[in-house]
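Here is the structure we will look at, set down as structure tokens.
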Amino acid sequence: TIATEEVLTHASIGIATAIDTVCDGQELLQNADLALYTAKSSGKSRWELFEPAMYAAVQRRHRLKADLYHAVESVEFELVYQPIVRVSTCSVVAAEALLRWRHPTRGTVLPDDFISLVEETGLITQVGAWVLRSACEEARDWPAGEGGAPVAVSVNVAVRQLREPDYVESVRTVLQETGLEPARLILEVTEADIIYDTEPIIECLDALRKLGVRIALDDFGTGHSSLSRLRDFPVDLLKIDRSFTASLCGPTQSIGFAHSVFNFGVGLSLTVIAEGVETEECLRELNDLGCELAQGYLFGQPLAPLAMRRLLEHNVAVPTAAVPAGALPVGATMSRAR
Ligand code: C2E
Ligand code: MG
Ligand code: MG
């Protein structure tokens with residue numbers, strides 16, 4: 001505690017030993033440093049033991065980093081969309097925009113391999129602005145969903161963007177220029193990212209909500225945030241991490257834990273989205289728990305923009321079924337985009 005402020009610290013640790021390899025002190029430190037770098041780049045707050053393969057991984061990362069500047073200039077990015085469905089009817093109510101890098105020689109690079117680099121280099125401002133504008137432009141023309149209700153688009157935001165002084169203004173401008181209604185935009189912030197220096201983030205989220213935009217807390221349950229902090233966060237939706245969703249149909253002791261996490265969200269009157277729903281058994285569990293929305297491979301892989309639009313056209317035409325006992329997952333026949 002510093003003055004009246006509680007300051008949370010964490011550590012990333014790299015470990016190297018001289019047991020298996022004969023090396024001098026300097027080499028040992030270099031190896032530990034590489035292990036530390038790996039620990040940091042795979043999410044921080046963890047330890048890693050040095051392995052020789054880390055050299056290759058670090059080199060690959062350096063090359064990707066160099067390519068990234070070029071990728072931003074020539075816009076080698078694309079968005080794919082993963083449907084978010086109402087658990088009770090399986091109809092699409094929103095879709096999450098997910099970033100893909102179409103690398104000229106490596107093929108498709110997934111965000112887990114490059115988003116941290118985009119943040120490290122500061123390119124997140126440009127990339128994030130491109131993602132937001134593209135997603136809003138695309139979603140503006142989506143056909144309405146169940147009962148004529150508009151379909152929302154959910155966009156991932158890095159905490160670094162929320163700390164930019166003109167972020168709220170830039171969102172307002174994009175909404176005005178693209179003509180997307182603010183209520184149709186959801187911004188997702190990851191729980192693990194917002195547990196430090198929370199005041200400016202809360203202010204930013206409040207201002208975004210005043211625009212009419214909704215806020216979702218992503219990967220809930222993985223971020224070690226204390227419940228009292230969570231109470232202060234202005235959020236509308238809670239996206240429960242797929243590890244808990246998977247546990248719903250797992251060993252008995254983890255089921256109880258997963259139930260509590262879902263009940264927690266439902267009890268707070270937040271709209272709860274289960275991430276990573278892969279089986280119908282799991283979907284039925286979610287329905288019993290009162291979880292409102294779900295997303296996952298059961299309903300479809302992330303789709304290319306055209307396939308997403310077709311799915312929505314199809315969605316409107318198809319009468320919604322009751323809770324699916326063996327219903328065809330929507331989008332199951334759609335072409336997928338990795
Ligand atoms: P996220 O926001 O939690 O997105 C969900 C991730 O889970 C996506 O991976 C999605 O393809 C994957 N997924 C969906 N359903 C299932 C399922 O049933 N089973 C399993 N095993 N996985 C499923 P993806 O597209 O690789 O994205 C990974 C992360 O990268 C995202 O996690 C998000 O944190 C970040 N990300 C993606 N796009 C953006 C972006 O535009 N900006 C920022 N800042 N981050 C992004
Ligand atoms: Mg997300
Ligand atoms: Mg997530």
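The values are calculated or read from the model by the stated rules, or taken from the named source; none is laboratory data. Small disclaimer: the values here were computed from a predicted structure and weren't measured. Here the Cβ positions follow ideal geometry from the backbone for every residue, glycine too, while neighbour counts run over all protein chains shown. These area figures cover heavy atoms from the full protein model, side chains too; ligands, DNA and RNA do not enter into them. Shrake-Rupley method; radii C 1.70, N 1.55, O 1.52, S 1.80 Å.
Those residues that are under 16 Å from R172 (Cβ atoms) and in contact with a helix residue (DSSP H, G or I) (Cβ under 6 Å, 6 or more places away or on another chain), I need them from the range 123-136; list them, please. Those that are under 16 Å from R172 (Cβ atoms) and in contact with a helix residue (DSSP H, G or I) (Cβ under 6 Å, 6 or more places away or on another chain): G128, L132, R133, C136. Taken over the range 221-250, the criterion of being within 15 Å of ligand 2 (Cβ to nearest atom) and at positive phi is satisfied by G221 alone. Of the set (1) open to solvent by less than 60 Å² (accessible area, probe 1.4 Å); (2) over 12 Å from V87 (Cα atoms); (3) not in a loop (DSSP other than H, G, I, E, B), all apply to F257 but (1). Counting only residues that are closer than 19 Å to G122 by Cβ and either within 16 Å of ligand 3 (Cβ to nearest atom) or assigned to a strand (DSSP E or B) (or both), the range 155-193 holds 7 of them.
Only residues that are in a loop (DSSP other than H, G, I, E, B), open to solvent by 10 Å² or more (accessible area, probe 1.4 Å) and β-branched (V, I, T) were counted across the range 81-100, and they come to 1. Give me the residue from the range 272-299 that is touching a helix residue (DSSP H, G or I) at 6+ places or on another chain (Cβ under 7 Å) and open to solvent by 10 Å² or more (accessible area, probe 1.4 Å) and, out of that set, nearest to ligand 3 (Cβ to nearest atom). My answer is E275.
The set of residues in the range 29-49 being under 27 Å from A192 (Cβ atoms), open to solvent by 60 Å² or more (accessible area, probe 1.4 Å), not in a loop (DSSP other than H, G, I, E, B) and not hydrophobic (A, V, I, L, M, F, W, C) consists of D33, Y37, K40. Within the range 209-220, the presence of at least one residue that is in contact with a strand residue (DSSP E or B) (Cβ under 7 Å, 6 or more places away or on another chain), away from ligand 2 (no atom under 14 Å from the Cβ) and not β-branched (V, I, T) is confirmed. Within the range 80-104, which residues are under 20 Å from L64 (Cβ atoms), within 15 Å of ligand 2 (Cβ to nearest atom) and touching a Ser or Thr at 6+ places or on another chain (Cβ under 7 Å)? Matches in the range 80-104: R100 only. The residue of the range 192-225 that is least open to solvent (accessible area, probe 1.4 Å), among those that are free of Cβ contacts under 8 Å to residues at least 24 places away in the same chain and not basic (K, R), is D197. Annotation: of all residues in the range 14-28 being surrounded by 13 or more Cβ atoms within 10 Å (Cβ to Cβ) and out of contact with any Leu (no Cβ under 7 Å at 6 or more places or on another chain), the one that is modelled with the lowest pLDDT is C23. If I filter the range 67-75 for residues that are farther than 27 Å from Q176 by Cβ, within 16 Å of ligand 3 (Cβ to nearest atom) and modelled with pLDDT of 95 or more, do I get at least one hit? Checked the range 67-75: no residue is farther than 27 Å from Q176 by Cβ, within 16 Å of ligand 3 (Cβ to nearest atom) and modelled with pLDDT of 95 or more.
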